[in-house]
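First up is the structure itself, then whatever we jot down about it.
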Amino acid sequence: MNISFTALGHGECEQCESFKLHDHDQNDLQPDCSICNAFAIHKQKYSEARIQYNDHKENPLPDTFYYSADMEKVIMMPRMEMFKRNANSGRVVVEEMKQEDFYEWEDNSSTSKINRTVPRPYMKDMVEVVATRGKLTLSYRTRFTSDETHVMDFTKKKLTKKNIVKRPNSIPNLRGISTNRKSQITQNLLELMPENRRPFWVNLVENDKSADLRTTVDD
Ligand SMILES: [Zn+2]
Ligand SMILES: [Zn+2]
């Protein structure tokens, strides 16, 4: 199966979108503009990510599976239906994420530990995170082109290897939005949306028990 990256379209990434909406364009990057600067770094990172993705596809290590997901798109649209799995045959398989693939992990991170870490780790800066079986730390890189690795020791003191052997349950139901809210959106807004966005709203799960995020903070 041959899958290639499609060019990112409008509204598919928050950073590209905010860049497009401001006054300068790609051929006119202003060194003293924070949006231009953020975009320049973003562009380098996504270009490097594509090189990495193609390299994994073309030169896979034996016995290794590569998973890739577009985190920028997830931020823009809460929809992670697909995972690209790059088997070592060089084949790319697209897998659908199902309800049972999401778990109710307990939050055992320590905010004070994270805040004391230098540099403070931010997810937006990470391009690669490595978890190693048996370790309570994660290591990450902020650029694909640099070998500099940061180690993150971020778990609560009480957490030991012994008490995390238990795998949590899958989430019991999908979050969704209320039936009423969904029908408002599909009746009033669907027509205004580009056609490729409509199935997301049409297929969105209904769940009247979920908090309305416009008025409540969900936890
Ligand atoms: Zn972007
Ligand atoms: Zn600018």
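The values are calculated or read from the model by the stated rules, or taken from the named source; none is laboratory data. In this text, all values refer to a predicted model and were calculated from it rather than measured experimentally. Cβ sites come from the backbone with ideal geometry, for glycine too, and all protein chains shown count toward neighbours.
Being charged (D, E, K, R) and either under 23 Å from Asn196 (Cβ atoms) or more than 8 Å from ligand 2 (Cβ to nearest atom) (or both) is the filter here, so list the residues in the stretch 10-27 that pass it.
Glu12, Glu14, Glu17, Lys20, Asp25
Of the residues Ser178, Ser146, Ser183, Ser210, only one is of a type in the set (Gly, Ala, Ser) and touching an Asp or Glu at 6+ places or on another chain (Cβ under 7 Å); which?
Ser178
What are the residues in the stretch 131-159 that are free of Cβ contacts under 8 Å to residues at least 12 places away in the same chain and not in a loop (DSSP other than H, G, I, E, B), if any?
Listed by number, the list holds a single entry, Ala131.
Looking at the stretch 62-81, can you tell me whether even one residue there is at pLDDT 80 or above and either within 13 Å of ligand 1 (Cβ to nearest atom) or small (Gly, Ala, Ser) (or both)?
No, the conditions are met nowhere in the stretch 62-81.
How about the stretch 39-54: which of its residues are among the small types (Gly, Ala, Ser) and either under 17 Å from the mean Cα position of the chain (by Cα) or within 9 Å of ligand 2 (Cβ to nearest atom) (or both)?
Answer for the stretch 39-54, where residues must be among the small types (Gly, Ala, Ser) and either under 17 Å from the mean Cα position of the chain (by Cα) or within 9 Å of ligand 2 (Cβ to nearest atom) (or both): Ser47, Ala49.
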